[in-house]
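Below: one structure, written as structure tokens.
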Amino acid sequence: MPETRAARNRARRLREGGLLAASVRRVRVLVLTLVLTLAIDPRSGGLISPAFAGPAAAPVTQAAPRLPATSPSPGAAIPGFHGPPPDFGGTSASGPVRAEPAHMPFYVATKGTTTIYLLGTLHVGDPYDYPKNQPFRPPILAALAASPTLALEISPDDLLKSQDDVSRYGVCSYACLPRLLPEALWRRLASRLRGNPAALDEIKKTRPWLAALLVETYDSLAAGLLTEYGTEAQLQNIYLRTRGKIVGLETLSEQMRAFTNLSLAEQREMLAQDLAQTPAQNMDDVKTLHRLWRVGDADAIAAWASAKSERLARTPAVARMLDNRIVYDRNRRFVVRMTAIAAPNRPVFVAIGSLHLGGPKGVLSLLQQRGFVVEPE
């Protein structure tokens, strides 16, 4: 039967391609919210500094809506997402130990009676980040319950349409990558994958921007973090059960263009940064970002990302252009869209990659420049 033949072909590709084949499928299915949104990308911090910029925020005329005292309970997993992780509470000499959810960057932006809740997400995670009995802190769960709309970087409907676009714009019909890279950069990539010839053969057919994202994916997975425990997946497990209205802050084509419109120089810079360190060093950076995200300070994340970006930039001028295209332009678009969705006495809950929040060009600062008072919760 066709289904059986297709299943056999998928199994064969996984065996032959090893980690790359698994990563390509992850990228094709989850690329727009799990990889391309830069939560594991050292460039997404750009030249951000820890301080906010812009004029002082205007005072609010009314406090943010009071959050409900109770929180919605996690629902069953929706198709395509894993359910809440198991309860990792244990025992100690003094009695049961309750697992605590990750703190996560969470802020409340208010302007008059308009409220925007902002959660900084991580698109990969660990099951310990989301205890079964309480996957998010009470203020986060309460804000979800108070919000008629959940806004993600891209809507779930658009995400399902992303598979063909990744192949269409990121994969060649021939081994194009060696021709698109300087010889030294290609040798570095080939050396990185020398232990997996099948993976090397597959990545030869990708354009530099997709090759860079695949390298990032390898190191993220090798660090032990999983896409099924990304924040968006866990939020949707809860929200679709209780509400169901989820929108995107950008369209599929807008998010894809952030990468497909990169110049060849920018794509090369993107890949060169990923290969500037050893896999072990990249894995350590992924783990560091995960720890900072658990603590939940957007400014600390921005400061770390800024230092990392400056350290890894191969060609600073090109790196700055790259940051503008895939981070700062999108930050401005996010703010325009979220302020259009928010309305007086109708809060909107926004969940976007943590590295988009902090710094003078980050979403929090852009909201302040629009007169919002932004406070951590």
* Which one of the conditions (1) in a helix (DSSP H, G or I); (2) in contact (Cβ under 8 Å) with a residue 24 or more places away in the chain; (3) of a type outside the set (Lys, Arg); (4) more than 30 Å from Leu249 (Cβ to Cβ) does Ala175 fail to meet, given that it meets all the rest? -> (1)
* To do: Collect the residues in the stretch 95-125 that are part of a loop (DSSP other than H, G, I, E, B) and either among the aromatic types (Phe, Trp, Tyr) or within 17 Å of Ile301 (Cβ to Cβ) (or both), keeping them in residue-number order.
  => Ala102, His103, Met104, Pro105, Leu122, His123, Val124
* Single match in Ala313, Ala340 (criterion: among the small types (Gly, Ala, Ser) and either more than 22 Å from Leu235 (Cβ to Cβ) or touching a Ser or Thr at 6+ places or on another chain (Cβ under 8 Å) (or both)) -> Ala313
* To do: Please find, among Arg168, Arg188, Arg241, Arg194, the residue that is outside any loop (DSSP other than H, G, I, E, B), out of contact with any helix residue (DSSP H, G or I) (no Cβ under 6 Å at 6 or more places or on another chain) and free of Cβ contacts under 8 Å to residues at least 40 places away in the same chain.
  => Arg168
* Mind checking which residues of the stretch 88-115 are at pLDDT 95 or above and not β-branched (Val, Ile, Thr)? -> His103, Met104, Pro105, Phe106, Tyr107, Ala109, Lys111, Gly112
* Structure fact -> Among residues of the stretch 266-318 being part of a loop (DSSP other than H, G, I, E, B) and not small (Gly, Ala, Ser), the residue surrounded by the fewest Cβ atoms within 10 Å (Cβ to Cβ) is Thr278
* Do we find a residue being touching a Gly at 6+ places or on another chain (Cβ under 8 Å), surrounded by 14 or more Cβ atoms within 10 Å (Cβ to Cβ) and of a type in the set (S, T, N, Q) anywhere in the stretch 217-227? -> no
* Asked: Within the set of pairs 6 or more residues apart or between chains, which connect a residue that is without any contact (Cβ under 8 Å) to a residue 40 or more places away in the chain and assigned to a loop (DSSP other than H, G, I, E, B) inside the stretch 338-365 to a residue that is aromatic (Phe, Trp, Tyr) and surrounded by 19 or more Cβ atoms within 10 Å (Cβ to Cβ) with Cβ atoms less than 7 Å apart?
  -> none
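Matching residues to (1) within 30 Å of Ala99 (Cβ to Cβ); (2) modelled with pLDDT under 95; (3) acidic (Asp, Glu):
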position: Tyr117; (1), (2), (3): yes, no, no
position: Ile140; (1), (2), (3): yes, no, no
position: Glu153; (1), (2), (3): yes, yes, yes
position: Pro156; (1), (2), (3): yes, yes, no
position: Lys161; (1), (2), (3): no, yes, no
position: Cys172; (1), (2), (3): no, yes, no
position: Ala175; (1), (2), (3): no, no, no
position: Arg194; (1), (2), (3): no, yes, no
position: Ile203; (1), (2), (3): no, yes, no
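The values are calculated or read from the model by the stated rules, or taken from the named source; none is laboratory data. Remember, predicted model here, so these are calculated numbers, not experimental data. FYI the Cβ positions are ideal-geometry reconstructions off the backbone, even for glycines, and counts take in every protein chain you see.
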